[in-house]
Each structure stands twice: as structure tokens, then as C-alpha cells.
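Report on the following structure.
The values are calculated or read from the model by the stated rules, or taken from the named source; none is laboratory data. Computed from a predicted model, the values in this text were never measured in an experiment. A quick note on method: Cβ atoms are made from the backbone with ideal geometry, for glycine too, and the neighbour counts reach across all protein chains shown. Surface accessibility is based on the protein's heavy atoms, side chains included, excluding ligands, DNA and RNA. Shrake-Rupley method; radii C 1.70, N 1.55, O 1.52, S 1.80 Å.
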Amino acid sequence: MNDHVFDCVIIGAGPGGLQAAIYLGRYNRDVLLLDRSGGRTWHSRHIENVLTHKLIAGSDIIDRGMEQARSFNVRIERKRVAAVRKEDLFTVSTPDASYHARYVIVSSGVYDIIPPIKNALRFLGAGYYTCIDCDGYKTTNRKIVVMGDVLQSVNIALAMKQMFTKDITYIPYRLSLPDSAEEVLSEEGIKVVSVEPVSIIG
Ligand SMILES: Cc1cc2nc3c(=O)[nH]c(=O)nc-3n(C[C@H](O)[C@H](O)[C@H](O)COP(=O)(O)OP(=O)(O)OC[C@H]3O[C@@H](n4cnc5c(N)ncnc54)[C@H](O)[C@@H]3O)c2cc1C
């Protein structure tokens, strides 16, 4: 640890953290961006509908964003933040260093919980999807299975039918479905199959 005090330490170099870094850099703030790498954006082979890009790889967004942030003197380090403490200043610690800052922005993203189904990772973003907004459109007029372990997944199945396709099978994954939910799905012509999937064949 040294005595240097950053105006801001940003945790996470996804679109959120990078956009914050670019703006703070443009406000001539002294910014450190810490990222352990491998977030949600990085893993997305195809990001669609970002303004001005019909299709772009997530890793391209990150690479270009980092270049843009560096051009405004943002310092970027590949490090995992292990702890943040607040006294007069913030102290942000990684396994081998600590940094002081007046402000901290946490932009560490979310991560998808992938069920233990064989080949799920192999097909992630290519037939197996986790985000209705990102990928629902690709299923337009196709035959799909919607699977979920919370009741909200019933709403996803209903929304999929409203927007994208009528040929839907719903699988309650380790979820006991109330009769009322079964009735709504049945009224909408969505088949319910109560099984535990073990593999995606492709
Ligand atoms: C298959 C797929 C397709 C997608 N398609 C689209 C699409 O078409 N359109 C769209 O708008 N969105 C799409 N998304 C969603 C989009 O990628 C994310 O929602 C969005 O990019 C999240 O940005 P973020 O900055 O919040 O988080 P992230 O991109 O996850 O970035 C967070 C960063 O924080 C870092 N981090 C986390 N913890 C720490 C720590 N302790 N120390 C240091 N660093 C840390 C991570 O390593 C990561 O780099 C898709 C996602 C997936 C998985």
C-alpha cells in the first residue's frame, strides 16, 4: 500500500465500469479500474442491439472500451478485489496490493446460474440462452423449451409466446408448480413436462 489517493477506484471492467471510467477520465479524475476478467460480457459471443452495432462480440466491446478508457489516462489493472473498507477514505484490497480512493464504484455485474446439465456451457449463446431480452428474438417462430427453477419462469414462458413463438414446452426444473400456474400455461397452449433434463443434445 502506498499513500497515493485515487479520486475513484472502479471495480469491474464490463460495459458499466468502463463507461463510468471513460466519463470520469474525461472529467480529468484520477481513476483506477480493477478487473479480474471473465465477466458476463466477456463470455458473450454475440451482443446484439447495442446502439450503432447490430452485432459485436462481448470481448470486442471490452477491448475497445479499455482502449477508450486508457486514452483518458484511466489506469487499468488485472486484479481481483477481495475487500473494500471505508474509514476516512476507501481502502480497496486485492490479494497482493491495497489502494486508497475517495470514491468507489462497484460494477461487478451479475452471473448466470447454469444448471448441471451436460453441454449447457457448450451451447450457451448458441441455442441455450439465459436472457429473454438478449436472445428471445432468435427463437422467433421456432420450437423452444423454457426451463426454470422459480415461478417467474412461468411468466417468461408466457412472454415468449406473446412475442416470439407459439411452439413452447415448459419444464419446471426442480420446481413444484402450483395448479394455478399449470392452468394458465394450459390455457395458453403451452405444454408442461415435469422431468429433470440431464443433457442438451444440440
Ligand atoms: C450469452 C449472452 C448473450 C448476451 N447478449 C446480449 C445482447 O445481445 N444484448 C445486450 O444488451 N446484452 C447481452 N447480454 C448481457 C450483457 O452481456 C450483460 O448484461 C452486460 O454486459 C453486463 O455488464 P456489466 O458491466 O454489468 O457486467 P459484466 O460484463 O459482467 O462485467 C463485470 C466485470 O466485473 C468483474 N468483477 C467481478 N467481481 C470482481 C472482483 N471482485 N474484482 C475485480 N473484478 C470483478 C468481472 O470479471 C467482469 O469483468 C448477453 C449475455 C450473455 C451471457
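Charge tally for E196 (other residues, Cβ to Cβ under 13 Å; Lys, Arg +1; Asp, Glu -1): +1. For the chain, what ratio Rg/Rh do Cα atoms give with a Kirkwood hydrodynamic radius? A ratio of 1.10.
Taking all protein chains together and rolling a 1.4 Å probe, D88 ends up with roughly 150 Å² accessible.
Just add up the charged neighbours of M147: K/R +1, D/E -1, any other residue whose Cβ is under 11 Å from the Cβ of M147. Can you show the working numbers first?
On the way: positive: R174; negative: D149, E196.
Net charge in that neighbourhood comes out at -1.
Under the criterion of Cα pairs below 8 Å and six or more residues apart, the relative contact order for the stretch 1-135 equals 31 percent.
Placing dummy labels 7 Å off each Cα toward the beta-carbon, the span from V110 to I132 is 1.2 nm.
Partnerless cysteines in the chain, where a partner means another cysteine C-beta under 4.7 angstrom, comprise C8.
Most simply put, the chain has about 35% antiparallel DSSP beta bridges, counting only bridges with both residues inside it.
Tell me the mean residue ellipticity at 222 nm calculated for the chain from its helices only (DSSP H runs of n ≥ 4, each -39500 (n - 2.57), averaged over every residue, nearest 500).
Value at 222 nm, helices only: -8000 deg cm²/dmol.
Looking at the stretch 9-138, the accessible area is 64 square angstrom per residue; that uses a 1.4 Å probe and ignores ligands, DNA and RNA.
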